[in-house]
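Participant: Next up is a structure, given as structure tokens.
The values are calculated or read from the model by the stated rules, or taken from the named source; none is laboratory data. Computed from a predicted model, the values in this text were never measured in an experiment. Here the Cβ positions follow ideal geometry from the backbone for every residue, glycine too, while neighbour counts run over all protein chains shown. The protein model used for the area step is the full one, side chains on, heavy atoms only, and it has no ligands, DNA or RNA in it. Shrake-Rupley method; radii C 1.70, N 1.55, O 1.52, S 1.80 Å.
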Amino acid sequence: MDTFAIPRSVEWRETHITILNQQKLPLATEYIDLHTLEDVYDAIASLKVRGAPAIGITAAYGLALAASHYKAETVHEFHSRLKQDRDYLASARPTAVNLVWALDRLTAAAKDAASVNEAKTALIHEAIRIQIEDEDVCRRIGEHALSLFRPGDRVMTICNAGSIATARYGTALAPFYLAKEKGIELSVYALETRPVLQGARLTAWELMQAGVDVTLITDNMAAQTIKAKGIRAIIVGADRIAQNGDTANKIGTFGLALLAKSFGIPFYVAAPLSTIDLATKTGADIPIEERHPDEVTHLAGVRVAPEGVNVYNPAFDVTPNELITAIITEKGIVRGHYETALPSLFTKEEHH
Ligand code: MRU
């Protein structure tokens, strides 16, 4: 069966960008067209498109689209507009480094253009390249990750690090799609992932469409499920990995890493090199997004907590490197010694 009946999260249409509205899933499969820089900013900030690589891809197309309309007379003028728009989009969400990584890659691609038109074309080509590369990168991550599992394994995950969070395949979910392709049975236990339920709404939806065995639990069922169901490993995605391996990912990830240690099971982080930020030395330097209290006080738009209650709503947490058994990238699996091992990935040739 084609495991990829799963819709693409982002599509470049030359005059606009079409995204799958992830806010509406799984109740509606709705696509929306983004025409302006403000549309793109809003789509990212409001989680219509979310997941670190998908945010980067969308922002890249957004910048290329905005720049295609510049009336700049000189390359210099073009670059100063580009810088303004780059900074605006970069501020849409703070934690996932793929956002600034993609925007900076675009800016660099247009840097040496001899004319405004050449710069516009360079931006579009680079954005398309980022999306194409991400699909290949995710597949490689999936192949490496799959080597860590045995047929029949039950594996836990949080949030959605799946196909719609990337160009295709996902990061933490990629091994399950590849296992399905190869006829290897793996079972996934997905945490619903409060406050906005990426696990219940997106991971469950994606995996079911691909025919992957998935069981949904609420976040507070993790320890009981590991014990009762014999969970063999936990695998998660990442929004930013510091040079020392400290990893920011969806709120609740740190708790799962502590549980993994307590139960003596491996805790894996699956992420592309574009999520590794060598300029961020440790997790203490990663900005953690705090979102609107309504996400906590309301469920599907219905108030469930008393009016006026104090709310703390961090969207991410940081798992310290010592709790991470391995980081799985497109260039292979790194186990510990992250501070030196992660920088070396950026130069090392790939070994299969
Ligand atoms: O707030 P979100 O839904 O953008 O958070 C997403 C995550 O935490 C994912 O695990 C991460 O971005 C990796 S996506 C391949």
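Participant: In whole angstrom, note down how far apart the Cα centers of segment 1-79 and segment 132-211 are.
Facilitator: 22 Å
Participant: Also: For the chain, modelled as a Gaussian network with Cα springs under 10 Å, which listed residue fluctuates most, Val302, Val49, Val137?
Facilitator: Of Val302, Val49, Val137, the most mobile in the Gaussian network model is Val302.
Participant: What percent antiparallel are the DSSP beta bridges of the chain, to the nearest 5?
Facilitator: Rounded to the nearest five, the antiparallel share is 50 percent.
Participant: For the chain, set up a Gaussian network in which alpha carbons nearer than 10 Å are linked by springs, and say which option among Ile158, Ile132, Ile57 fluctuates the most.
Facilitator: Among Ile158, Ile132, Ile57, the largest mean-square fluctuation in the Gaussian network model of the chain belongs to Ile132.
Participant: Considering the alpha-carbon set of segment 207-323 alone, what are its Rg and its Dmax in angstrom?
Facilitator: 16.3, 43
Participant: To the nearest 0.05, how large is the calculated FRET efficiency for Thr282 and Ala5 if R₀ is 56 Å and r is the Cβ-Cβ distance?
Facilitator: That gives a FRET efficiency of 0.85.
Participant: Between Leu299 and Ala114, what FRET efficiency follows from the Cβ-Cβ distance if R0 is 45 Å, with the result rounded to 0.05?
Facilitator: Result of the calculation: an efficiency of 0.25.
Participant: Rounded to the nearest 10 Å², what accessible area does Thr29 show when all protein chains are kept and the probe is 1.4 Å?
Facilitator: Solvent-accessible area, nearest 10 Å²: 80 Å².
Participant: Could I ask something else about it? Leaving out ligands, DNA and RNA but keeping every protein chain, what accessible area does Ser187 have, in Å² rounded to the nearest 10, with a 1.4 Å probe?
Facilitator: The value for Ser187 is about 20 Å².
Participant: Then there's this: Assuming 0.36 nm per residue, please report the length gained on full extension of the stretch Lys182 to Arg129 beyond their Cα-Cα distance.
Facilitator: Answer, rounded to one decimal: 16.3 nm.
Participant: Would you calculate the convex hull of the Cα atoms in segment 103-252 and tell me its volume per residue in Å³?
Facilitator: 132 Å³
Participant: Then there is this: Going through the cross-link list Lys227/Lys281; Lys180/Lys331; Lys24/Lys261; Lys250/Lys281; Lys48/Lys182, which pairs have a Cα-Cα distance over 24 Å in this structure?
Facilitator: Correct reply: Lys227/Lys281; Lys24/Lys261; Lys48/Lys182.
Participant: What 222 nm value per residue comes from the helices of the chain, counting each DSSP H run with n ≥ 4 as -39,500 (n - 2.57) and dividing by all residues, nearest 500 deg cm²/dmol?
Facilitator: After summing the helix terms and dividing by residue count, I get -11500 deg cm²/dmol.
Participant: How large is ³J(HN,Hα) for each residue in segment 326-336, as worked out from phi by the Karplus curve 6.51 cos²θ - 1.76 cosθ + 1.60 (θ = phi - 60°), to whole Hz, x for Gly and Pro?
Facilitator: In residue order, the calculated couplings are 7, 10, 9, 10, 5, 9, x, 9, 10, 10, x Hz.
Participant: Moving on. Among Ala108, Ala222, Ala200, which one shows the biggest mean-square fluctuation in a GNM of the chain, springs joining Cα atoms closer than 10 Å?
Facilitator: Maximum fluctuation in the GNM of the chain, among the listed residues, is at Ala108.
Participant: Given 0.36 nm per residue, what is the gain on full extension from Asn313 to Glu38 after removing their alpha carbon distance, in nm?
Facilitator: Result: 96.5 nm gained on full extension.
Participant: Out of the DSSP beta bridges found with both residues in segment 233-341, what percent are antiparallel (nearest 5)?
Facilitator: About 60 percent, rounded to the nearest 5.
Participant: Could you give the accessible area per residue of the chain, probe 1.4 Å, as a whole number in Å²?
Facilitator: 42 Å²
Participant: Please give the residues of segment 101-126, grouped as numeric ranges, whose backbone N is less than 18 Å from a label point set 7 Å along the Cα-to-Cβ vector of Ser68.
Facilitator: 103, 106-107, 109-110, 116-126
Participant: Kirkwood hydrodynamic radius, the chain, all distinct C-alpha pairs: what's the number in Å?
Facilitator: Here the Kirkwood hydrodynamic radius works out to 20.5 Å.
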